[in-house]
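**Student:** Let me give you the structure first, and then I'll get to my questions.
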Amino acid sequence: MNASTNNSGRGATEWECSTTPATVPMWLVVATLVLLFLSAWYFDSRGGWFDPKVYGPYVSVSDLDRFQPQVGGEIWPTRGKFLFEQNCGNCHNTDGLGKPGQAPPFAGSEWVLAPGVNRLIRIPQVGLAGPVEVKGQQWNLNMAGMGAPYSDEDLAAVLSYIRKSWGNQASVVTPEQVKKVRADVGNRSQPYTADELKKLPE
């Protein structure tokens, strides 16, 4: 058999596969590296993970702004509204009109608009239980001391918000007033009754 043919009689050079070494074009390597760099830069500059202003427990910059001290102004409107909507608004509604059969209104309430703030400060400390009249309507309450965990500043902020919202035009509550009433309440854990509160100074 001829040495130039294989078993099938065909020439070896016509059918055998062969490989030769090849290199990746340099422009493709450079383009890939540039693309990776630009992608990392874009993610680093625009990704929220790298912005310290939205670290937990905050979810946005506007959420964080609610907790920042306000220079040259009062902080209670922003902080008070936030606390009210997170807690008090569940029962009293965020519009301050209350919920029938559940919680009385704050808008126009004689309890909220009283000249003194002592009674209003006492209620969230330990709660209010039993019958109470608000704007001529009878309520039978069993309110817990929702404000007990608040700092003096936070409780003053939410009470100030209640006294200044939905058409209410009463004075704000100060942290100093809250601190004084808290000292008077002491370790009490039993909720107040309306009659008991009326006997205490405003």
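Read-outs throughout are calculated quantities, based only on the coordinates presented, and are distinct from any laboratory measurement. None of these values were measured; they are calculated from a predicted model. Cβ coordinates were reconstructed from backbone atoms using ideal geometry, including for glycine residues, and neighbour counts include every protein chain displayed.
**Student:** Short version: ³J(HN,Hα) in whole Hz for each residue of the stretch 195-202, in order, from phi by Karplus 6.51 cos²θ - 1.76 cosθ + 1.60 (θ = phi - 60°), x for Gly and Pro, what are they?
**Tutor:** So the Karplus estimates, Gly and Pro as x, are 4, 5, 5, 5, 7, 8, x, 5 Hz.
**Student:** Once amide H atoms are placed 1.01 Å from N in the peptide plane, what residues at a sequence separation of 5 or more from Leu141, or on another chain, have their amide H within under 5 Å of its amide H?
**Tutor:** Sorted by chain and number, the residues that satisfy this are Gly130, Val132.
**Student:** Taking the mean number of other Cβ atoms within 10 Å as a proxy for protection, how do you rank 121-129, 135-143 from highest to lowest?
**Tutor:** 121-129, 135-143
**Student:** Output ³J(HN,Hα) for the stretch 170-178: one whole-Hz value per residue in order, computed from phi by the Karplus curve 6.51 cos²θ - 1.76 cosθ + 1.60 with θ = phi - 60°, and x for Gly and Pro.
**Tutor:** 9, 6, 6, 9, 9, x, 5, 5, 4
**Student:** Another question, if that's okay. How many angstrom lie between the C-alpha centres of the stretch 175-201 and the stretch 84-140?
**Tutor:** 15 Å
**Student:** While we're here: By count of other Cβ within 10 Å, fewest leading, how are Trp76, Trp111 ordered? Write down the numbers at each step before the final one.
**Tutor:** Details: Trp76 24, Trp111 18.
Starting with the residue having the fewest Cβ neighbours, the order is Trp111, Trp76.
**Student:** Using modelled amide H (1.01 Å from N, peptide plane; none on Pro or chain starts), what sits under 5 Å from the amide H of Asn168, excluding residues fewer than 5 places away?
**Tutor:** Gly108
**Student:** So for Arg188, Arg79, Arg46, Arg182, fewest C-beta neighbours within 10 Å to most, what's the order?
**Tutor:** Starting with the residue having the fewest Cβ neighbours, the order is Arg46, Arg188, Arg182, Arg79.
**Student:** At what distance in nm do the modelled label points of Glu153 and Ser45 sit from each other, each positioned 7 Å from its Cα along Cα→Cβ?
**Tutor:** 3.7 nm
**Student:** Additional query: For a Förster distance of 35 Å, can you work out the FRET efficiency between the beta-carbons of Gln169 and Gln190, rounded to the nearest 0.05? Walk me through the numbers on the way to the answer.
**Tutor:** Working: r = 33 Å, r/R0 = 0.94.
After rounding, the FRET efficiency stands at 0.60.
**Student:** Please turn the phi angles of the stretch 123-136 into ³J(HN,Hα) values with the Karplus equation 6.51 cos²θ - 1.76 cosθ + 1.60 (θ = phi - 60°), one per residue in order, whole Hz, x for glycine and proline.
**Tutor:** Rounded to whole hertz, the list is 4, x, 5, 10, x, 9, 10, x, x, 8, 9, 10, 6, x.
**Student:** Using the Cα centre of the stretch 73-198 as the reference point, and only Cβ charges (+1 on K/R, -1 on D/E), how large is the resulting charge dipole? Debye, rounded to the nearest 20.
**Tutor:** In debye, rounded to 20, the stretch 73-198 gives about 40.
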